[in-house]
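The values are calculated or read from the model by the stated rules, or taken from the named source; none is laboratory data. Everything numeric in this text was worked out from a predicted model, so none of it was measured. Counting neighbours? That spans all protein chains shown, and the Cβs are built from the backbone with ideal geometry, glycine included.
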Amino acid sequence: MSEKGIGSSVRRSEDQRFLTGKGHYVDDMNRPGQAHAAFVRSPHAHARVKMVDTSAARKAPGVIAIFTGSDVAADKLGGLICGWTVKDKNGDPHKAPAHPILAYDKVRYVGDHVAVVIAETQAQARDAAEKVDVDYEVLPANIDTAKAMKGAVVHDDAPGNLCYDWELGDRAAVDGIIKSAHHVTRIDLVNNRLIPNAIEPRAAIGEYDSGSGHYTCYSTSQNPHVLRLILCAFIMGVPEHKMRVISPDVGGGFGSKIFCYAEEVVCTWAAKKIDRPVKWTADRSESFLSDAHGRDHVTHAELAMDKEGKFLALKVETIANMGAYLSTFATCVPTYLYATLLAGQYTTPIIFANVKAVFTNTAPVDAYRGAGRPEATYVIERIVECAAREMKMDPVELRRRNFIKPDQFPYQTPVALQYDSGNYGQALDAALKMSDYSGFKSRQAEAAKRGKLRGIGVSAYIEACGIAPSAVVGSLGAGVGLWESAQIRLNPTGSCQILTGSHSHGQSHETTFAQVVHEHLGIPYDSIEVVHGDTALVPFGMGTYGSRSIAVGGSAIVRAADKIIEKGKKIAAHLLEASVDDITFKGGEYRVAGTDKVKTIGEIAFAAYVPHNYPAGVEPGLDETAFYDPANFTYPAGIHICEVEIDPDTGRTVIVNWTAIDDFGKVINPLIVEGQVHGGVAQGIGQALLEGCVYDNDSGQLVTGSYMDYCMPRADDLPSLKVGMTETPCPHNPLGVKGCGEAGAIAAPPAIINAITDALGVMHLDMPATPEKVWRIAQQNRPAAAAE
Amino acid sequence: MYNFNYHRPGSVADASKALAGGAEARPLAGGMTILPTMKQRLSQPSDLVDLSQIAELRGIKASGSGLVIGAMTRHADVAHSVEVKATIAAVASLAEGIGDPQVRNRGTIGGSLANNDPAADYPGAVLGLGATIHTNKRKIAGDDFFKGMFETALEPGEIITAVEFPKPEKAAYVKFPHPASRFSLTGVFVAKTANGVRVAATGAGPCVFRVKAMEDALAKNFSADAIANIKVPATGLNSDIHGSAEYRAHLVTVMAKRAVAACR
């Protein structure tokens, strides 16, 4: 292994510029002649827009233009789209109400866009935006997910606020087993709504060149080509060769920057209308109001078991909040990214899921780190824990008893997915050892002497990453293919650029992808650069989400590297006066097998660009592109074990131990992967203990609209994490990799709630486990807890 | 943020003049509350009078009888002050627990007291120690200073110049931090002084308040057990998504007990 190759903990190349303020984010960019946009947003959750009077605002200093929903309609812009069609239980497509770029008849959530003011400066735009006089007729707001189907109608074309009523599996068969089973565990739970809070707010600059007819959209997108496709084909009716989307350094996304939002459309569209670049950067308040939120499920589940605790059937009924409009991939999150994961790590033979997606007067809800898989894992790992307690069985043994065994792979679950590889018992054993699970009782007793309630919780998670292949996702309703592209461009003097369709907004592609090429082509690590995020530079690509970059994008890079190697062999054979079949390639050297006749890949690259002595019939240049469509999802899995201590007098929960054993297949860079686990666990701890998006149920105002009320996890909320790995390589991609970005956020919440409920001696409490909630239970259960 | 006139006087007298000159003039101390509200367009002062260049407002003076802390002294300076730690350690530890490092390096004791946020920490120390607020016009007893939520005895144009803390026999401040803002969800300052025991609770109600029943019990028996069964009524306390009035009332007792136990 080279010190920079696959398996090496290479420090991130990108950190130097990020940490010294030399990154280039959208807000750092300023275009000649640039104007600034400010959005007039609805202060009401639900209202009819009776009139928008812009006359006073137009007279304000610096105002260039003001556009409203009528202007959007007049220009026949398409609305924002949802790119995944989910068919309900009757085979009908989901209800897809219009999602206008700027509202004109109604506003449907606090923060909905009503108008845009474009002015010379940002301050002038904001000042003038306050002068836009909107006459609202306030309507009753429909906020509560559980009651949404009975609430005020959000869209006239979605009766009962139902987007779809979707099913997977055989309800009658599952009900039959539940009826006759030895034991059935039932649980009602809420998966709390979250606000993503990437460190960099969304931003956009739209630009139009009236000479060439070219648009440029600078955006904080996780997937610039997908954004270009939506902007061109669905909204603006512009051919794709006339639209360039640039997504430069981006400071985190967690899913919230996958989607096409109104603001980037408006900036791009308005740039042509005023013939000047138009810039907008969200402030944090706008981010809270208008970034797509995550999770927000209300679920009832039932698990049937025989007397040995063998799982016989699982039934899950979920109401999923879509918010006021469908965001770009909202519909697939609580269906194909959720219900298909409900087998977890277990051999449950039959599963039925029903998901009712509902509209409410809240911000749109879409994929957020884990997207559906945290919700599925939370249901499974909560109900399994409760089942163990009800059956008076060790929760670890109950899990082990139901695990899919290593010799059962590939394993066809009853919920469509076929798991390719895994060894769940091995990960469990490693986690039990690392966490000193067997020593817990003595730690608990020691904590009790200090007046603390100590609990332990296990979470056995699985996720499906690298969502693919395209034909399968297409059959499930995806409006896109989910392959990835890569181009490897060797330069004449032997340096190399990797042009990837993936996009890095914190995932460290610049380091990891360079390691892959360094390993495969033997080019010095420091001579390799990763280029991403510009539709004019890189081949069409699908972007980064669903922990897909290394599994799909990395595999495309390997395929492109293979093409480079093959072409190079022809050139080397010519230069070394040997047969192509006799040329071997290893460590950056072409060699005539069994001899000391060698050409380096740098020499071959030079020959390819200066082909004075060159094989006949071979094209000059050494620059290869590959598109990779995987054969299957990848299935990272693992065990996380959490130990908490609760102060019963205040209800404060402190996480005192954390053990993570993850199987990500082959690991390219252990340092980066550990960092991804840390970040994911931090977000999972945030969800379980601290974060919860709260709207006022009557007014629909966002109560948690700032960091004074929305509680983000901080360093001192986190324990020191013990992270380990097992490795069952993915059998169907060339790197054997599975993906690691979302694992922590998926695994953590049930581990924490299992630990807290263990400490408190209760079956359940809903997230976030705030001090007051925990305190109330601790008060009620004090005698019982003490008796244990 | 809306436009405003900016003043940076070099003396309290000039600051006072500048404050009188603007229609909606406001003093700027550390700016930890007013600047965020201005950025969010929730506050629109005509003038900001920046007190940061007034030397007479800064500094810590310790004597055998107590501390005098200049109004523009930053929380971090109080937290790290050898004099404060030696004279009233509870004040140093309170300052060290305010907000986060950025806030502690900007925020000031005078700014905190003049704003009188119901969840601020310093009001607990002022009321708990029976401190005296010095202004450019007079001296105000701590017991008379806090008038209600964001309300104080300060008159328009009146500027806090310093806070005088008498040295107690022993004292401690213990808070349950608000999980998001790290303000005090409920904090209790307990002091045993020459003039009796004082117990002040901040964060729990709309304004810092003394807990007379606890003071009486502690005067007889200065121990955590003495107040274990004393509950403040929940009526009138703050209630929000982070803690109900009932929870805050309960926390007053818990924090008070812990403060008594921590007194030194």
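General observations
- Some residue of region A:740-751 being outside any helix (DSSP H, G or I), within 14 Å of chain B (Cβ to nearest Cβ) and buried (at least 22 other Cβ atoms within 10 Å of the Cβ): no
- All of A:R401, A:R389, A:R382, A:R454 fail the test of being in a helix (DSSP H, G or I) and in contact with an Asp or Glu (Cβ under 8 Å, 6 or more places away or on another chain), apart from A:R401.
- Every condition in (1) in a strand (DSSP E or B); (2) within 22 Å of A:V278 (Cα to Cα) holds for A:G23 except the one numbered (1).
- Every listed requirement among (1) modelled with pLDDT of 95 or more; (2) more than 29 Å from A:R548 (Cβ to Cβ) is met by A:C642 save one, (2).
- So A:C711, is it of a type outside the set (F, W, Y), within 14 Å of chain B (Cβ to nearest Cβ) and part of a loop (DSSP other than H, G, I, E, B): yes
- Residue within region A:668-675 that is within 14 Å of another protein chain (Cβ to nearest Cβ), in contact (Cβ under 8 Å) with a residue 60 or more places away in the chain and either in a loop (DSSP other than H, G, I, E, B) or in contact with a Cys (Cβ under 7 Å, 6 or more places away or on another chain) (or both) present: no
- Complete set of residues in region A:603-619 that are within 13 Å of A:I564 (Cα to Cα) and out of contact with any Leu (no Cβ under 6 Å at 6 or more places or on another chain): A:I604, A:V618, A:E619
- The set of residues in region A:118-142 being of a type outside the set (G, A, S) and within 14 Å of chain B (Cβ to nearest Cβ) consists of A:T121, A:Q122, A:Q124, A:R126, A:D127, A:E130, A:K131.
- For A:T335: the one exception among (1) out of contact with any His (no Cβ under 8 Å at 6 or more places or on another chain); (2) β-branched (V, I, T); (3) surrounded by fewer than 24 Cβ atoms within 10 Å (Cβ to Cβ): (3)
- Entry remark, region A:646-667: residues being in a strand (DSSP E or B) and either within 14 Å of another protein chain (Cβ to nearest Cβ) or crowded, with 21+ Cβ neighbours inside 10 Å (or both) number 14 in total.
Results for (1) over 30 Å from A:D112 (Cβ atoms); (2) among the small types (G, A, S); (3) modelled with pLDDT of 95 or more, shown as yes or no for each residue.
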{"site": "A:A363", "(1), (2), (3)": "no, yes, yes"}
{"site": "A:A367", "(1), (2), (3)": "no, yes, yes"}
{"site": "A:K392", "(1), (2), (3)": "yes, no, yes"}
{"site": "A:V396", "(1), (2), (3)": "yes, no, yes"}
{"site": "A:I404", "(1), (2), (3)": "yes, no, yes"}
{"site": "A:P414", "(1), (2), (3)": "yes, no, yes"}
{"site": "A:Y419", "(1), (2), (3)": "yes, no, yes"}
{"site": "A:G425", "(1), (2), (3)": "yes, yes, yes"}
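- The listed residues are A:T377, A:T347, and the only one of them that is hydroxyl-bearing (S, T, Y) and crowded, with 24+ Cβ neighbours inside 10 Å turns out to be A:T377.
- Looking across region B:226-259, the residues that are more than 14 Å from every other protein chain (Cβ to nearest Cβ), at negative phi and of a type outside the set (S, T, N, Q) come down to B:A226, B:I230, B:V232, B:P233.
- The selection criterion, being surrounded by fewer than 19 Cβ atoms within 10 Å (Cβ to Cβ) and modelled with pLDDT under 95, does not hold for A:A448.
- For A:D698, the test of being outside any helix (DSSP H, G or I), closer than 27 Å to A:I6 by Cβ and more than 14 Å from chain B (Cβ to nearest Cβ) is failed.
- Criterion (buried (at least 19 other Cβ atoms within 10 Å of the Cβ), touching a Lys or Arg at 6+ places or on another chain (Cβ under 6 Å) and either of a type in the set (A, V, I, L, M, F, W, C) or in contact (Cβ under 8 Å) with a residue 40 or more places away in the chain (or both)) met by exactly one of A:G736, A:G680, A:G705: A:G736
- Counting only strands (runs of 3 or more DSSP E) that fall entirely inside region A:534-641 and contain at least 2 residues that are under 30 Å from A:G481 (Cβ atoms), the qualifying elements are A:623-628.
- Any chance B:D240 is among the acidic types (D, E) and closer than 25 Å to B:S112 by Cα: yes
- Members of region A:114-134 found to be farther than 20 Å from A:H46 by Cα and part of a strand (DSSP E or B), listed by number: A:V117, A:I118, A:A119
- Failed item, numbered, when B:G148 is tested on (1) surrounded by fewer than 20 Cβ atoms within 10 Å (Cβ to Cβ); (2) more than 30 Å from B:G21 (Cβ to Cβ); (3) not acidic (D, E): (2)
- Taken residue by residue, region A:716-729 has at least one member that is among the aliphatic types (A, V, I, L, M) and within 14 Å of another protein chain (Cβ to nearest Cβ).
- Among (1) surrounded by 22 or more Cβ atoms within 10 Å (Cβ to Cβ); (2) free of Cβ contacts under 8 Å to residues at least 40 places away in the same chain; (3) not acidic (D, E), the one test that B:A79 misses: (1)
- Criterion violated by A:Y109 - all others in (1) of a type in the set (F, W, Y); (2) surrounded by 20 or more Cβ atoms within 10 Å (Cβ to Cβ); (3) over 15 Å from A:S327 (Cα atoms) satisfied: (3)
- Once region B:174-196 is narrowed to residues that are touching a Phe, Trp or Tyr at 6+ places or on another chain (Cβ under 7 Å) and farther than 21 Å from A:T770 by Cβ, the residue that is farthest from the other protein chains (Cβ to nearest Cβ) is B:K192.
- A Cβ distance below 6 Å, combined with a sequence gap of six or more or placement on separate chains, defines the contacts here; from region A:523-534, residues that are over 27 Å from A:S221 (Cα atoms) reach residues that are in a loop (DSSP other than H, G, I, E, B) in the pairs A:Y525/A:K4; A:S527/A:S495.
- You will find that of B:R182, B:R138, B:R198, the residue that is touching a helix residue (DSSP H, G or I) at 6+ places or on another chain (Cβ under 7 Å) and among the charged types (D, E, K, R) is B:R198 and no other.
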